[in-house]
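Please read the structure below before turning to the comments.
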Amino acid sequence: MKKILILLAVFTGTAAWAAQPENSGTVNITVLDENGAVVSEAPIYIFGENKTHFSAGKDVPGTTTLTMAAGEYRISSAVIKKNGDYLDRFASHEAHIQVVAGDNTVVVLTLKSIDPGIETLGYTELTKIGVPADIARSFN
C-alpha cells in the first residue's frame with residue numbers, strides 16, 4: 001500500500017495540496033446544515049478508503065476545493081456547538097469517493113442533529129453510522 005505524504009496549504013480561502021503528484025484530481029467539498037445553509041468553519045475529515053491513514057482535518061469556510069492524489073477516500077464532517085448548558089452535536093454521512101486524475105469530484109456533506117441519547121451508543125455503533133472516529137471517541 002502506498003504511503004501518501006500530503007501537505008496542506010491555504011491560499012485565499014481555498015486549500016490545495018502543496019506536494020501535488022501528477023496523478024491528481026480536484027475535490028470540491030461543501031458542508032451544509034439541515035436547512036441547506038453553508039456551515040462556515042466546519043471541520044472536514046479525510047481518510048484513506050480503508051481508514052489506513054488520516055489524510056487531513058481542516059476547518060473550511062463552508063466550501064473548499066482540494067487537489068488530491070488519485071485514489072479512494074472517505075470524507076465526513078462533525079460539529080459540536082454549545083447551547084447554554086448543553087452541547088448540540090451534528091454529524092454528516094461519510095462520503096466514499098474515487099479521485100480520478102484530471103477529474104473534479106463534488107461532495108456535499110449535510111450535518112444532521114445527533115439524538116441526545118447517542119451517549120449510550122458505543123464507539124463501534126457511532127462509527128458505523130458515519131461519526132468520525134476522533135469524534136466518536138469523545139462521546140465515550
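The values are calculated or read from the model by the stated rules, or taken from the named source; none is laboratory data. Since the structure is predicted, the reported quantities are computational estimates derived from the model, not experimental observations. Glycine also receives a Cβ, built like all others from the backbone with ideal geometry; neighbour counts cover every protein chain displayed. Protein only, heavy atoms only, side chains kept; ligands, DNA and RNA dropped before computing areas. Shrake-Rupley method; radii C 1.70, N 1.55, O 1.52, S 1.80 Å.
Structure summary
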| quantity | calculated |
| --- | --- |
| Condition check for Tyr73: among the hydroxyl-bearing types (Ser, Thr, Tyr), modelled with pLDDT under 90, in a strand (DSSP E or B) and surrounded by 15 or more Cβ atoms within 10 Å (Cβ to Cβ) | no |
| Members of segment 13-70 found to be modelled with pLDDT of 90 or more, surrounded by fewer than 14 Cβ atoms within 10 Å (Cβ to Cβ) and β-branched (Val, Ile, Thr), listed by number | Val38 |
| Selection status of Leu87, closer than 19 Å to Glu41 by Cα, assigned to a strand (DSSP E or B) and either open to solvent by 60 Å² or more (accessible area, probe 1.4 Å) or among the charged types (D, E, K, R) (or both) | yes |
| Single unsatisfied condition, Ile118 versus (1) open to solvent by 90 Å² or more (accessible area, probe 1.4 Å); (2) modelled with pLDDT under 90; (3) in contact with a strand residue (DSSP E or B) (Cβ under 8 Å, 6 or more places away or on another chain) | (1) |
